[in-house]
1. Can you tell me which of (1) touching a helix residue (DSSP H, G or I) at 6+ places or on another chain (Cβ under 9 Å); (2) without any contact (Cβ under 8 Å) to a residue 24 or more places away in the chain; (3) part of a loop (DSSP other than H, G, I, E, B) is the one Asn69 doesn't meet?
2. Scan the stretch 106-142 for residues that are in contact with a His (Cβ under 8 Å, 6 or more places away or on another chain) and part of a loop (DSSP other than H, G, I, E, B) and report the count.
3. Would you point out the residue of the stretch 355-373, among those that are over 22 Å from Ile21 (Cα atoms) and surrounded by 17 or more Cβ atoms within 10 Å (Cβ to Cβ), that is modelled with the lowest pLDDT?
4. So which residues in the stretch 204-243 are in contact with a Ser or Thr (Cβ under 9 Å, 6 or more places away or on another chain) and under 12 Å from Thr66 (Cβ atoms), if there are any at all?
5. With in a helix (DSSP H, G or I) and touching a helix residue (DSSP H, G or I) at 6+ places or on another chain (Cβ under 8 Å) as the only criterion, which of Leu36, Leu47, Leu23 stands out?
6. Restricting the stretch 151-189 to residues that are hydrophobic (A, V, I, L, M, F, W, C) and out of contact with any Leu (no Cβ under 7 Å at 6 or more places or on another chain), which is nearest to Leu23 (Cα to Cα)?
7. Quick one: which residue in Val74, Val43 is in contact (Cβ under 8 Å) with a residue 12 or more places away in the chain, crowded, with 17+ Cβ neighbours inside 10 Å, under 29 Å from Thr138 (Cβ atoms) and not charged (D, E, K, R)?
Amino acid sequence: MSPANADIIGAFPNPTIDPIIGLPNYDSISAVHLQLNQNAASVDSHLGDGINGLLPLTVSTAVYNTISNELFDVPTNPGPNPIVQPTGTEHQIKEAYRVHSENTRIWREFQATDKSLKQLLLGAVGDIYTSALKHRVTGYANVSTRRLIEHLYYKYGNITAGDLEANEQRMKAPFDPNEPIEALYTQLESAIDFADAAGTPYSVNQLVTTAYNLVFKTGLFADTCRDWRRRPTADKTWINFQTDFSEAAQDLRESTSTSQASGYHGANAAIEENTRFQEETAAALANLATATASDRSTLASVTAALESANAEIVSLKRQLKTKSRQHTPFGDGNRFKHGNYCWSHGFRCGKEHTSANCQWPMAGHRKDATKENKLGGSEKE
């Protein structure tokens, strides 16, 4: 290991990678991949959006574009010397050398980081499983970390055509508006990660179009859907989608809560009014009991009115009871609403989603994790 590589690896959050024991499979490859992603993203760099480090060294362009609104221009070798115009001024020549020096530094850093990541990956996987990419003279010198990851998924991930079809069905499963909208985000992101591992990535446009169709069909986001349709195509990114519809979901949750409160007050007021009417009518009936036969027609009219009032009270009480049982769209803010927890997705769980039956497990997933004993799992809410 060169001194430069040792320094880079020493600064990674995962300076050692958990080795794959025996034949690699999708889960073990994903576990290694996640650790490499964390390392690549930890590198301080102003490339791309400036907050995801050098993540494109370990993920595809399709995946990177789902987590960033900024394109990542992979640095290229600027060559041994800057391009200087023969008629350039002294200032222009100095600036050309400065820019060339900076571009060289960025390119070398990018290459050194890739070599460090590759070194960790090769150390975690038996050589026999990557030897198909190994040149008899240069070894892995001209093989990138990303290429090695793709090879492992392709050869040992065991993702079949049937798996991809099932993955697409899970991706497009109807969204239950009684669930937090974050559950929809997890559903979609898990599907695109799985497809990317199989070498059949979804584009950002496919991702946001699917997400839009799912929320549109709920009928709860008419205004936000209209605003989304009016956005310029370049602004229809996954990050912007989550921002817009998370705000809309929060507004809906608050407005629904207010409406329910108004419904309770209104129903209670109506019941109180009808109860007073019932009491007054009962008193009138008591007086009519001693009335003459000529007042019997009045008694019949009042009795009919009382029966009608009683029926209305029963109806209002039934409505009030129903309101108390209704769920607020997107949950009631209680992360334990269903009592469910998933090691990979935290509390972003539907009513049938747990660690034990998770359909999109992350690397290192623990099926025995619960909300009482998370076993180091996700804290997402």
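1. For Asn69, the exception is condition (2).
2. Matching residues across the stretch 106-142 total 3.
3. Filtering the stretch 355-373 for residues that are over 22 Å from Ile21 (Cα atoms) and surrounded by 17 or more Cβ atoms within 10 Å (Cβ to Cβ), the one modelled with the lowest pLDDT comes out as Trp360.
4. Val204, Asn205, Leu207, Val208, Thr237, Trp238, Ile239
5. None of the other options fit; the residue is Leu36.
6. Selected residue: Leu152.
7. Val43
Each row is one residue, and each column tells you yes or no for (1) free of Cβ contacts under 8 Å to residues at least 12 places away in the same chain; (2) basic (Lys, Arg); (3) out of contact with any helix residue (DSSP H, G or I) (no Cβ under 9 Å at 6 or more places or on another chain); (4) surrounded by fewer than 18 Cβ atoms within 10 Å (Cβ to Cβ).
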{"residue": "Glu95", "(1), (2), (3), (4)": "yes, no, yes, yes"}
{"residue": "Lys118", "(1), (2), (3), (4)": "no, yes, no, no"}
{"residue": "Ile128", "(1), (2), (3), (4)": "yes, no, yes, yes"}
{"residue": "Val137", "(1), (2), (3), (4)": "yes, no, yes, yes"}
{"residue": "Arg146", "(1), (2), (3), (4)": "no, yes, no, no"}
{"residue": "Thr160", "(1), (2), (3), (4)": "yes, no, yes, yes"}
{"residue": "Asn167", "(1), (2), (3), (4)": "no, no, no, no"}
{"residue": "Ile181", "(1), (2), (3), (4)": "no, no, no, no"}
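The values are calculated or read from the model by the stated rules, or taken from the named source; none is laboratory data. These figures come from a predicted structure and were not determined experimentally. For neighbour counting, all protein chains shown are included, and Cβ atoms are generated from backbone atoms with ideal geometry for every residue, glycine included.
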